[in-house]
1. Compute the distance in nm between two label points, each set 7 Å from the Cα along the Cα-to-Cβ direction, one at residue 116 and one at residue 154.
2. Using 1/(1 + (r/R0)^6) with R0 = 30 angstrom and r between the beta carbons of residue 96 and residue 60, what's the FRET efficiency to the nearest 0.05?
3. So for each of 66-75, 136-145 I average, over its residues, the number of other beta carbons within 10 Å; can you give me the resulting order with the highest mean first?
4. Defining a contact as two alpha carbons under 8 Å apart and six or more residues distant in sequence, what relative contact order in percent does the stretch 50-116 show?
């Protein structure tokens, strides 16, 4: 039997983590691989389409630039507290302007890549019809979850790392926590959830009910993010926009 390729092995590990499986035996590994192949029969057998690879690379580059700018601004604030920021004000201003331009340029490239690909553009339009999902969230969903619309809502939540996993032993016994999945996507969906709690009428009411029930802020944001992913998956499957038929 040919050895599994490294990327396929990593996908199986992420799939196991999304299901809350931590134990490792030959039998458990074999069963998990079988479940994974049944869930994603084409996983690891071919590279994504060229357009999808390019889109994934651009969304990854944007995330890197945004994270670099975030850390850079934190360093400037630290220098301000020390009273040394003025010594490097011109350099810091120029570097921030450069990062802003590069982020804007990557976003323009992403917009162009989506607009010039019919099927991707159609799916992007469906995603962006959902209040709370904009350029970043829609393109990240397209790049990181190409299965969108072809899987169940529970599977979509698990792939995004937003499905609650039960813990029946250890220090987390009796608790349900999220974990596994695709980290970059989960991070972006948390940001989208924060927007949706203010601008999406359905999810705003959902968040208010959770808040009234005494749920912590992190639990509310996670629940809204999970709802966003399942809504996006359902609308992509039916090929309908939020405006036409909210879920």
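1. 4.2
2. 0.90
3. 136-145, 66-75
4. For the stretch 50-116, the relative contact order is 55 percent.
Taken together, the values in this text are just the output of simple stated rules run on the coordinates, not laboratory data. Nothing here was measured: the structure is a model prediction, and the numbers come from that model. Because the Cβ atoms are built from the backbone with ideal geometry, glycine has one as well, and the counts that use them run over all protein chains shown.
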